[in-house]
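Structure first, commentary second.
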Amino acid sequence: MGHDHRTVSVHTARHEPLPLVALCVTLLSWSCGYPVIRMALLYFSPAGLSALRYALAATLIMTWAACTRPALPRLADLPRFALCGGVGIAFYTILFNMGEQSVTAGAASLLLNISPLLTAIIAVVFMREKLPLAGWVGSGLSFLGVAIIGGGQPGGFSFGSGASCILAAALCTALYYVLQKPLIGRYGPLPTTAWILMCGAVALLPWLPGAIREAQGHGMTPWILMLVLAIFPSVVGYAAWAHVVGRMGVARSAGFLYLDAPTVLVMAYFMLGEVPSLPTLLGGAVVMGGVLVAQLFGRMPSQRKKHKADSDVSVIDGS
């Protein structure tokens with residue numbers, strides 16, 4: 001399988017040092033993507049940026065796959081991998097890049113925080129799951145926060161505006177979460193992410209020649225920006241996160257993702273000089289508050305029991 005999987009007791013892992021290095025690498029890698037994308041959009045179209053970024057990332061992934069030899073996708077799973085790559089990589093990044101042409105990096109990161117609630121609503125509509133009252137309250141709060149943030153952005157939520165593109169990207173992320181879940185169970189988080197990124201790179205190939213033309217005549221700057229996007233948010237961040245999840249488990253590690261948006265705000269200030277507006281800060285606080293309400297109090301009793309049980313059983317450590 002390419003990995004030496006070791007079974008480790010979560011009870012024992014509680015007494016091990018928190019994998020702070022991997023967590024910091026994850027947050028910094030993913031957070032730097034927001035301001036760097038805004039910088040790269042000075043040279044590339046939204047689709048061209050996505051195509052060149054993931055073509056470079058795919059090259060790194062192929063090198064990793066040649067060294068580790070992870071399990072290849074089964075023929076029956078190829079359509080799901082392709083769909084994940086199309087929705088979660090190609091559509092998501094193009095829409096997100098379109099949004100960041102007018103939406104600040106900090107506001108974009110806060111708007112994307114609604115993805116977990118969109119995932120829950122998709123599960124209610126298409127998978128007939130039930131959402132408790134606290135889940136609906138949290139969803140309502142978060143959508144209110146989104147409205148506050150969007151009201152402070154150019155064009156608001158009109159069709160094709162930056163804020164509406166970011167929300168469409170958040171919906172792609174929510175669909176991606178649902179689609180990839182059975183694949184992670186069969187292949188593990190890191191190989192699953194690698195093959196999905198490869199599928200996304202293939203889906204974006206039609207825009208690659210145009211992206212190469214766009215990069216010409218501007219020196220090394222666009223290439224450096226693209227390498228940063230290909231290496232850190234696209235590869236290093238996911239690899240570090242897989243290590244964090246492997247050491248801590250999904251339930252314990254998920255809460256740290258709420259540190260992503262504040263990290264983006266700080267990085268955008270130092271890299272771009274962006275100062276978040278009052279609607280962005282207020283709406284962001286409401287969005288994150290709503291997500292926290294839904295996550296902490298919105299589980300069904302059966303989910304709470306499963307969440308507790310997950311803390312007492314062994315997990316797969318893929319480090």
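The values are calculated or read from the model by the stated rules, or taken from the named source; none is laboratory data. Because the structure is predicted, anything quoted here is derived from the model rather than measured. Cβ: placed from backbone, ideal geometry, glycine included. Neighbour counts: every protein chain shown.
Answer yes or no: is there a residue in segment 75-90 that is part of a loop (DSSP other than H, G, I, E, B) and at pLDDT 95 or above. No, that holds for no residue. Looking at (1) modelled with pLDDT of 80 or more; (2) under 23 Å from Ala123 (Cβ atoms); (3) of a type outside the set (Val, Ile, Thr), which is the one condition that is false for Pro262? Evaluating Pro262 over (1) modelled with pLDDT of 80 or more; (2) under 23 Å from Ala123 (Cβ atoms); (3) of a type outside the set (Val, Ile, Thr) leaves (2) as the failure. The residue pairs whose first member lies in segment 34-63 and is within 13 Å of Thr221 (Cβ to Cβ) and in contact (Cβ under 8 Å) with a residue 60 or more places away in the chain, whose second member is polar (S, T, N, Q) and surrounded by fewer than 19 Cβ atoms within 10 Å (Cβ to Cβ), and whose beta carbons are closer than 8 Å, counting only pairs six or more residues apart or on different chains, are Leu41/Gln101; Tyr43/Thr221.
The residue that is surrounded by the fewest Cβ atoms within 10 Å (Cβ to Cβ), among those in segment 17-73 that are charged (D, E, K, R) and either assigned to a helix (DSSP H, G or I) or touching a Leu at 6+ places or on another chain (Cβ under 9 Å) (or both), is Arg38. Tell me whether segment 166-176 contains one or more residues that are of a type outside the set (S, T, N, Q), more than 27 Å from Phe270 (Cβ to Cβ), modelled with pLDDT under 90 and not in a helix (DSSP H, G or I). No, there is no match, as no residue in segment 166-176 is of a type outside the set (S, T, N, Q), more than 27 Å from Phe270 (Cβ to Cβ), modelled with pLDDT under 90 and not in a helix (DSSP H, G or I). Has segment 223-244 got any residue that is surrounded by fewer than 22 Cβ atoms within 10 Å (Cβ to Cβ) and not in a helix (DSSP H, G or I)? Within segment 223-244 (the criterion being surrounded by fewer than 22 Cβ atoms within 10 Å (Cβ to Cβ) and not in a helix (DSSP H, G or I)), the answer is no, since none of the residues qualifies.
For segment 140-154, the criterion of being surrounded by fewer than 21 Cβ atoms within 10 Å (Cβ to Cβ), among the β-branched types (Val, Ile, Thr) and at pLDDT 75 or above is met by at least one residue.
Scanning segment 173-212 for residues that are in contact with a Lys or Arg (Cβ under 7 Å, 6 or more places away or on another chain) and either β-branched (Val, Ile, Thr) or surrounded by fewer than 20 Cβ atoms within 10 Å (Cβ to Cβ) (or both) yields one hit, Leu179. Between Ser319, Ser302, Ser253, the distinction of being of a type in the set (Ser, Thr, Tyr), over 30 Å from Val228 (Cα atoms) and either modelled with pLDDT under 70 or in contact with a strand residue (DSSP E or B) (Cβ under 8 Å, 6 or more places away or on another chain) (or both) belongs to Ser302 only.
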